[in-house]
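Colleague: Handing you this structure, nothing more for now.
The values are calculated or read from the model by the stated rules, or taken from the named source; none is laboratory data. Because the structure is a prediction, the values reported are computed rather than measured. Cβ atoms come from the backbone with ideal geometry, glycine included; neighbour counts cover every protein chain shown. Quick note on the areas: whole protein, heavy atoms, side chains included, nothing else; ligands and nucleic acids left out. Shrake-Rupley method; radii C 1.70, N 1.55, O 1.52, S 1.80 Å.
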Amino acid sequence: MSNPLRIGLAGLGTVGASVIRLLKRQADALTSRTARRIEVVAVSARDRGRDRGVDLADVEWLDDPVALARHEGVDIFVELIGGADGPALDAVTAALAAGRSCVTANKALLAKHGLRLARLAEEKGAALSFEASVAGGIPIVKTLREGLAGNQIERVYGVLNGTCNYILSRMEQERLSFADCLAEAQRLGYAEADPTFDVGGFDTAHKLAILTSLAFGTAIDAEAVNVEGIESIRLADLEAADELGYRVKLLGVARRTPDGIEQRVHPTMVPKSSSVAQVMGVTNAVTIDADAVHELTLVGPGAGGEATASAVVADIADIARGVRSKPFGLPVAALARAEPAPMQLHLGGYYIRLCAFDRPGAAAAIASRFAERDISLESIVQRRRPGVGAGPAGTAPVILITYATHEKTLREALEAAVADGFLAEKPQFIRIERE
Ligand code: HSE
């Protein structure tokens, strides 16, 4: 048997403590699987006094994560501090510069500095592994990088943020307010330290940028992701979606188009029959469309200590076995620069909810704004009754579903409808994603 593999772990939050527990619990199985004994030998975290429910008696404690990253007695540096910059970046950079392999769950760090860190890892012959950074316990990084190596991927999309999915599911099922559901998600430990990262779509965008690079062999480019959060979603939209056979999810979507690679995060209507629509609560799901495998969906826990620790431990096990995959699947020099497809050229169906003054000709005028631009309507519903889409007195909700049209054309039609003066509120629209 080789020498033990010595782990230095920075960040002892929920995930960090779970990694230590899981390594202990599975110690014998991991030794059999990797032919190495895996031992946590040193840790670093902010508060030494806090009881984390793990035995750290035999573990060296360092206050400075960078010192831990450079520690000669450590073979693998595990970064679970979080944050795109600051100590996480300093420590991972220091570890890689010293030729030490790194495992991280930090999607923000990878979204911002992934390319540079991958280059450093490559130069130094170290591993940079980040299975836990996307979709918690779902092995999506390995699936894209290794499992689908024989495919050309056309689209990858999914529910990548447990907090948003939890909020939308609870709102829909229990008719609760957005604020109550967010507070619940925070209480249950799903949300990021700053929940605007979750509800504003930024957490999903970071994860999507990582998936895009792996799926299309492109240099990670989080700046190219078009991001919209779920703050604008009303119960009326969830109810209308339900009636029309859809569900609203915050999706991250990356797609190969004739205009380049489209990367977008936004609330999305998905047919209730689709795989991603079935996913409720904190669960994540990722669907991949590829030429050989056709459609593949992975579903599982997207957040939480144990599930995320499962992915961290899998990366540690790979390194223990001597696996050194290129972080993004290709040598850094071979990663293409993705031409970002502008959102205005996005082609798809739309759900539109308008609050129209209940006057003769309102619905007809609205419909004609769409017809003038060759936007074909799949359905148009005008209804005046309490409940679904109810607006202020004297108004009626008009709900439209369009066939595929360009976003630019759709926005022009809505601007024209607003200019007609028949609308009491700003139009709401939600993009539709079909299987
Ligand atoms: N805040 C994230 C989520 C945690 O809700 O999915 C996992 O990245």
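Colleague: Excluding ligands and nucleic acids, what accessible area in Å² is computed for K124 using a 1.4 Å probe, to the nearest 10?
Modeller: 100 Å²
Colleague: Still on this structure, please answer the following. State the three equivalent ellipsoid semi-axes of segment 158-200, derived from the C-alpha gyration tensor as the square roots of 5 times its eigenvalues, in descending order and whole Å.
Modeller: On the way: eigenvalues 47, 28, 14 Å².
In descending order, the three semi-axes are 15, 12, 8 Å.
Colleague: What residues qualify as long-range amide H neighbours of L423, i.e. H under 5 Å apart, gap of 5 or more or another chain, H built at 1.01 Å from N?
Modeller: F357
Colleague: Here's another thing I want to ask about it. Using a 1.4 Å probe, what is the accessible area per residue for the chain, in Å²?
Modeller: Here the residues of the chain average 41 Å² of exposed surface.
Colleague: Let me ask something additional. Just to confirm the number: angle between the C-alpha axis of helix 362-372 and the first principal axis of the chain, 0 to 90 degrees, nearest 10?
Modeller: Here the helix axis deviates by roughly 70 degrees.
Colleague: Now, a different point. Would you kindly derive the ³J(HN,Hα) couplings of segment 401-416 from the backbone phi angles with the Karplus curve 6.51 cos²θ - 1.76 cosθ + 1.60 (θ = phi - 60°), listing them in order in whole Hz, with x for Gly and Pro?
Modeller: Whole-Hz 3J(HN,Hα) from phi for segment 401-416: 10, 9, 6, 4, 8, 7, 4, 4, 5, 4, 5, 5, 5, 5, 4, 5.
Colleague: Counting helices only, and only those DSSP H runs with n ≥ 4, report the 222 nm mean residue ellipticity of the chain as the sum of -39,500 (n - 2.57) divided by its residues, in deg cm²/dmol to the nearest 500. Mind dumping the intermediate values first?
Modeller: Numbers: 13 runs with 149 residues, N = 435.
Counting only the DSSP helices, I get -10500 deg cm²/dmol.
Colleague: Right, next: Using the alpha-carbon atoms, what tilt in degrees (0 to 90, nearest 10) does helix 235-244 show relative to the longest principal axis of the chain?
Modeller: Result, in degrees: 80.
Colleague: Right, something else. Just add up the charged neighbours of Q428: K/R +1, D/E -1, any other residue whose Cβ is under 9 Å from the Cβ of Q428.
Modeller: On the way: positive: R234, R353, K426; negative: D237, E425.
Summing Lys and Arg as +1 and Asp and Glu as -1 gives +1.
Colleague: Full-extension gain between N3 and A27, please, as 0.36 nm times their residue separation minus the C-alpha to C-alpha distance.
Modeller: Value of the extension gain: 7.2 nm.
Colleague: Let me ask something additional. Give the accessible area for H113 in Å² (nearest 10); use a 1.4 Å probe, count only protein heavy atoms, and leave out ligands, DNA and RNA.
Modeller: Rounded to the nearest 10, the figure is 20 Å².
Colleague: Cα axis of helix 178-187 to longest principal axis of the chain: angle in degrees, 0 to 90, nearest 10?
Modeller: 10 degrees
Colleague: Additional query: What residues have an amide H closer than 5 Å to that of S129, excluding those fewer than 5 places away on the same chain, when H is modeled at 1.01 Å from N in the peptide plane?
Modeller: Result for S129 returns C102, V103, T104.
Colleague: Tell me, what HN-Hα J-couplings in whole Hz come from the Karplus equation 6.51 cos²θ - 1.76 cosθ + 1.60 at θ = phi - 60° for each residue of segment 55-72, using x for Gly and Pro?
Modeller: Listing the rounded values in order: 8, 10, 4, 9, 9, 6, 10, 10, 6, 9, x, 5, 5, 5, 4, 8, 4, 5 Hz.
Colleague: Something else about it: Select from segment 142-244 those trypsin sites (Lys or Arg not before Pro) which occupy a DSSP coil region and have at most 11 other Cβ atoms within 10 Å, ordered by residue number.
Modeller: Taking segment 142-244 and a limit of 11 other Cβ atoms within 10 Å, the loop trypsin sites (Lys or Arg not before Pro) found are R175.
Colleague: Checking the table K142/K408; K272/K326; K142/K272; K207/K408; K112/K272; K24/K124 against a 32 Å threshold on Cα-Cα, which pairs fail?
Modeller: Over 32 Å apart, Cα to Cα: K142/K408; K272/K326; K112/K272.
Colleague: Kindly provide log₁₀ I(q)/I(0) values, in the same order as q = 0.13, 0.22, 0.26 Å⁻¹, from the Debye equation applied to equal alpha-carbon scatterers of segment 206-256.
Modeller: Normalising to I(0) and taking log10 leaves -0.45, -0.80, -0.93.
Colleague: Which far-off residues, 5 or more places away or on another chain, put their amide H under 5 Å from the one on G349, with H placed in the peptide plane?
Modeller: When sequence neighbours closer than 5 places are left aside, the close amide H contacts are T405, I432.
Colleague: Okay, next question. For segment 132-175 and segment 300-377, write down the distance between their C-alpha centroids in whole Å.
Modeller: For segment 132-175 versus segment 300-377, the Cα centre distance is 10 Å.
Colleague: Show which aspartates and glutamates lie in cross-link reach of K107 when reach means a straight Cα distance below 13 angstrom and same-chain residues fewer than eight apart are skipped.
Modeller: Within the straight-line limit of under 13 Å, K107 reaches these aspartates and glutamates: E79, D85, E131, E192, D198, D203, D221.
Colleague: Calculate the radius of gyration of the Cα atoms of the chain to one decimal place, then report Dmax, the largest Cα-Cα distance, as a whole number, both in Å.
Modeller: Here Rg and the maximum Cα pair distance are 23.9, 83 Å.
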